[in-house]
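Data first, discussion second: the structure below is written as structure tokens.
Just so you know, all these numbers are worked out from the coordinates, no wet-lab data involved. Everything numeric in this text was worked out from a predicted model, so none of it was measured. Cβ coordinates were reconstructed from backbone atoms using ideal geometry, including for glycine residues, and neighbour counts include every protein chain displayed.
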């Protein structure tokens, strides 16, 4: 259930183990899965494309902070749909 399930036309990015570990450690897996599939996929691709481990960690930290706060996506305002 870690990979986005949708009709995305983009390449789907698998979740690297270090991302899964960080989400579980911070208790943010539900917050991650509550985001739309395109956001989940974009985050994973963005983190994975970083060449340097330091950059991957910086991007991971940004994703975790945004999920924790719940009001941003890639430094843009984000308002989750209320059900």
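Some values worked out for this structure:
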read-out	value
Output for the range 55-83, where each listed residue is touching a strand residue (DSSP E or B) at 6+ places or on another chain (Cβ under 9 Å), assigned to a loop (DSSP other than H, G, I, E, B) and exposed (fewer than 14 other Cβ atoms within 10 Å of the Cβ)	71
Counted residues, the range 25-54 - those being in a helix (DSSP H, G or I) and surrounded by fewer than 13 Cβ atoms within 10 Å (Cβ to Cβ)	5
